[in-house]
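The values are calculated or read from the model by the stated rules, or taken from the named source; none is laboratory data. What you are looking at is a predicted structure, and each value in this text was computed from that prediction instead of being measured. Reconstructed Cβ throughout: ideal geometry from the backbone, glycine too, with neighbour counts over all protein chains shown.
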Amino acid sequence: MSRRRLRNSDASISLTPMIDIMTVLLAVFMVTTPMLTTGIDLDLPRAGNSALSGNDHAIQISVDAAGKYYVGETQLALDDVVKRVIAMRGENAQLTIMINGDKSADYGAVMSVMGKLKDAGFQRVGLRTQIEK
């Protein structure tokens with residue numbers, strides 16, 4: 001009798017536990033992804049007590065003291081920075097972009113990336129600073 005039970009048993013795989021695990025992983029990645037876009041380490045300029053510290057969900061573009069451009073921690077040319085940000089925009093027209101310019105960076109390098117982003121149609125572009133102590 002026991003042999004018949006083994007042959008008649010259902011050998012299907014239940015997908016419910018796998019869907020639950022994938023949902024938890026999706027939630028974890030959604031929470032940690034904004035923390036990964038912090039960018040490179042810069043010496044930001046100081047600007048009083050009402051400084052812009054940046055939005056956690058904003059795309060971080062950095063300009064270092066040598067005038068090199070970064071999206072997150074990836075170094076890119078200026079035109080590639082704009083192309084990357086346009087690709088990241090997707091369907092979110094209200095995307096916020098924070099430009100982190102080192103205080104020793106060339107003013108023209110910071111303003112050129114800001115101008116190109118404005119020309120590409122981005123309306124919410126800001127400059128990130130530190131609070132003056």
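Of note:
- Residue that is modelled with the lowest pLDDT, among those in segment 1-39 that are part of a loop (DSSP other than H, G, I, E, B) and more than 30 Å from residue 99 (Cβ to Cβ): 1
- Residue match in segment 74-85 (condition: among the polar types (S, T, N, Q), free of Cβ contacts under 8 Å to residues at least 24 places away in the same chain and in a strand (DSSP E or B)): yes
- Hits in segment 101-132 (condition: part of a loop (DSSP other than H, G, I, E, B), surrounded by 14 or more Cβ atoms within 10 Å (Cβ to Cβ), at pLDDT 85 or above and of a type in the set (S, T, N, Q)): none
- Count of segment 92-123 residues which are among the basic types (Lys, Arg) and free of Cβ contacts under 8 Å to residues at least 60 places away in the same chain: 2
- Answer from 88, 98 - the residue that is in a helix (DSSP H, G or I), surrounded by 13 or more Cβ atoms within 10 Å (Cβ to Cβ) and not basic (Lys, Arg): 88
- Which numbered condition residue 72 fails, given (1) more than 18 Å from the chain's Cα centre (by Cα); (2) on the phi > 0 side of the Ramachandran plot: (1)
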